[in-house]
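Notes to accompany the following structure.
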Amino acid sequence: MISVKDLHVYYGLIEAVKGIDFKVDEGKIVSLIGSNGAGKTSTLEAVLNSVKRSGEIIFSGYDIVNHKTHSLVQRGLALVPEGRRVFINLTVEDNLRMGAFNNDENYARLRDAMYKLFPRIKEKRNQMAGTLSGGEQQMLAISRALMSEPKLLMLDEPSLGLAPKIVGEVFETIVKLKEEGITILLVEQNAFAALKISDYAYVLENGKIAMEGIASQMIGDDEIRKKYLGG
Amino acid sequence: MDFTVFMQQMVNGFSLGSMYALIAIGYTMVYGVLRLINFAHGDIMMVGAFLGYFGVSILGLPFPAAVLLAVVGSAALGMLTDKIAYRPLRSAPKISLLITAIGISFFLENAFNVFFGGTPRAFPVPEYMEIILSLGGLTFSVASLMVPIVTLILLAIILWILFKTKYGMAIRALAFDVNTVNLMGIDANRIIMIVFGIGSALAAVGGIFWAVNYPSVEPMMGVLIGLKAFAAAVVGGIGSVAGAVIGGFIIGFTEVVVVAFLPEYGGYKDAFAFVLLILVLLFKPTGILGLNFDKSRF
Ligand SMILES: Nc1ncnc2c1ncn2[C@@H]1O[C@H](COP(=O)(O)OP(=O)(O)OP(=O)(O)O)[C@@H](O)[C@H]1O
Ligand SMILES: [Mg+2]
């Protein structure tokens, strides 16, 4: 589905991502884990060309390195950004409309599907998105990204700041999306939870890939647990 | 105070306020998406008025067709300035954008001065617009009645676009979070260009109304009108379309009231818009309906 080679991300003179390779196969959940400042967000933003970067990015067989953000989204990539970033001055429903900007014909159907997936946001559909709770905003951000019917969905710390019960719901949703055939690239600090639902994982450390492997094996490996998973 | 005189002045204020409102909307919308005070906006209005003038007096078009020409021409010019002058500066400091706007303003004023001369040209007002109607002691021309009516219709269209269409929603979303707009698969640059198009089209209508009511056009006409419309946008709350309209009416009414009821200060009428501007900046910098951009991720 997507394969990335020798990716570098720069913020002025700072090199935040220092030449990483990774790939996500179709229909899988792949996790990118690592501590604060490891370069996870930078990596996702680099895939979408919203930061200064270099490298090779092949998506569904096409070289997409020179495409602009909006055209990448039109081609089937979507990002649920870190910190949700719902449009606080638009209603919940209008946020969904924005997600389907290039998908007019399926808007109504997808909107209803999202309301079914997250009944809580249906109740608040005419409220400004800025008035939603953190968890509700996260659900809205996920729904909004799904409105473009992406082939690859990237989620940046979807569990951040959520109550444990809601974290569970969000992770269940991610599994459901995979079952519906959406490929997922998941960034998480909550490494255990991420590995549990992932097929494959990369550990990012100071802008480099420190290790990678099959998720279930990584959970089982005591050394990895100690070193990267905090226990 | 004579009631008829009072009502008469209200009609005048409504008409003048409408013109400021039409022009102020362009300032406020562009500010919303670029955080730029587009100092060339008043000159786009001037170009609109000129296009209307050329349409009627040189091409011999009927008035509505000349208005259409002005609207389309100004919208195209507004979008062109965005594309060639502002877009290359998207990631430059805001001050570069502001200086560029001033540059475009000077360019348009001087280009029109060179090609068409600085002498005001009488605007060929269609006869039916000069018909004087009287109603219960009030008299007004068809033109002064048409201005507020057309303004209200245009305002309704703009609000419909902003709140009911996906493009309008994107315009509002853009005011708070550009990057996330791109994440929706929306080309933010295209939305910004649409904003310039809408603002410039409205300015052209405002410019033609101006030319019809004070029947002349000249290359520097955009300077003072533009500044007052800018003051209106700030008074109403920069970034808010409804605010721009309210601000336009406040400035329009203030001017009319000063001239009518304090004639000894009539000579200062142009100053009152700026007095209001200063008062607003001192006591409520976000204006009457100012959007709270604090939470924006612009
Ligand atoms: N806009 C920026 N300007 C300068 N440096 C930045 C910028 N954004 C990120 N960085 C730096 O790049 C590095 C990687 O940041 P990034 O946001 O990708 O980390 P992360 O793995 O997502 O961290 P977190 O888990 O805290 O979200 C950090 O050292 C950070 O300070
Ligand atoms: Mg991050």
- line: With criteria (1) in contact with a helix residue (DSSP H, G or I) (Cβ under 7 Å, 6 or more places away or on another chain); (2) closer than 23 Å to B:MET19 by Cα, B:TYR86 comes up short on (2)
field: Search result, residues across the stretch A:207-221 that are open to solvent by 10 Å² or more (accessible area, probe 1.4 Å) and in contact with a Lys or Arg (Cβ under 8 Å, 6 or more places away or on another chain)
entry: A:LYS208, A:ILE219
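For the stretch B:178-195, name all the residues that are within 7 Å of chain A (Cβ to nearest Cβ) and in contact (Cβ under 8 Å) with a residue 12 or more places away in the chain. Walk me through it before giving the result.
Kept after step one, since they are within 7 Å of chain A (Cβ to nearest Cβ), are these residues of the stretch B:178-195: B:179-180, B:182-187.
Residues satisfying the conditions are B:ASN179, B:THR180, B:MET184, B:ILE186.
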- request: Considering only the stretch A:4-16, state which residues are within 7 Å of ligand 1 (Cβ to nearest atom) and either assigned to a helix (DSSP H, G or I) or more than 14 Å from chain B (Cβ to nearest Cβ) (or both).
  value: A:ILE14, A:ALA16
message: With touching a residue at least 12 places away in the same chain (Cβ under 8 Å), surrounded by fewer than 20 Cβ atoms within 10 Å (Cβ to Cβ) and either closer than 30 Å to A:LEU153 by Cβ or within 14 Å of chain A (Cβ to nearest Cβ) (or both) as the only criterion, which of B:TYR128, B:TYR167 stands out?
response: B:TYR167
- prompt: Is it the case that the stretch B:110-119 has a residue that's surrounded by fewer than 20 Cβ atoms within 10 Å (Cβ to Cβ) and aliphatic (A, V, I, L, M)?
  reply: yes
task: Would you check which residues across the stretch A:27-46 are away from ligand 2 (no atom under 11 Å from the Cβ) and either over 17 Å from A:ALA201 (Cβ atoms) or open to solvent by 10 Å² or more (accessible area, probe 1.4 Å) (or both) and list them?
output: A:GLY27, A:LYS28, A:ALA46
statement: How many residues of the stretch A:23-59 are within 16 Å of ligand 1 (Cβ to nearest atom), farther than 21 Å from A:LEU13 by Cβ and part of a strand (DSSP E or B)? The answer is 4
field: Only listed residue being among the acidic types (Asp, Glu) and open to solvent by less than 10 Å² (accessible area, probe 1.4 Å), chosen from B:ASP43, B:ASP2
entry: B:ASP43
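Can you give me the number of residues within the stretch A:169-206 that are among the small types (Gly, Ala, Ser) and either without any contact (Cβ under 8 Å) to a residue 24 or more places away in the chain or buried (at least 22 other Cβ atoms within 10 Å of the Cβ) (or both)?
Number of matching residues: 4.
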- request: Any residue in the stretch A:89-102 that's over 14 Å from A:MET114 (Cα atoms) and within 8 Å of chain B (Cβ to nearest Cβ): show its pairings with residues that are surrounded by fewer than 21 Cβ atoms within 10 Å (Cβ to Cβ) and of a type in the set (Gly, Ala, Ser) at Cβ separation under 7 Å, as long as the two are six or more apart or on different chains.
  value: A:ASN89/A:GLY130
- prompt: In the stretch A:140-185, which residues are within 16 Å of ligand 2 (Cβ to nearest atom) and closer than 23 Å to A:ALA129 by Cβ?
  reply: A:ALA141, A:MET154, A:LEU155, A:ASP156, A:GLU157, A:PRO158, A:SER159, A:LEU160, A:GLY161, A:LEU162
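When you scan the stretch B:142-159, do you find a residue that is away from chain A (no Cβ under 14 Å) and more than 21 Å from the chain's Cα centre (by Cα), even just one?
Yes.
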- request: Tell me which of these A:SER54 doesn't satisfy, since it passes every other one: (1) within 9 Å of another protein chain (Cβ to nearest Cβ); (2) surrounded by fewer than 17 Cβ atoms within 10 Å (Cβ to Cβ); (3) polar (S, T, N, Q).
  value: (1)
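The values are calculated or read from the model by the stated rules, or taken from the named source; none is laboratory data. In this text, all values refer to a predicted model and were calculated from it rather than measured experimentally. FYI the Cβ positions are ideal-geometry reconstructions off the backbone, even for glycines, and counts take in every protein chain you see. Only protein heavy atoms, including side chains, enter the accessible area calculation; ligands, DNA and RNA are left aside. Shrake-Rupley method; radii C 1.70, N 1.55, O 1.52, S 1.80 Å.
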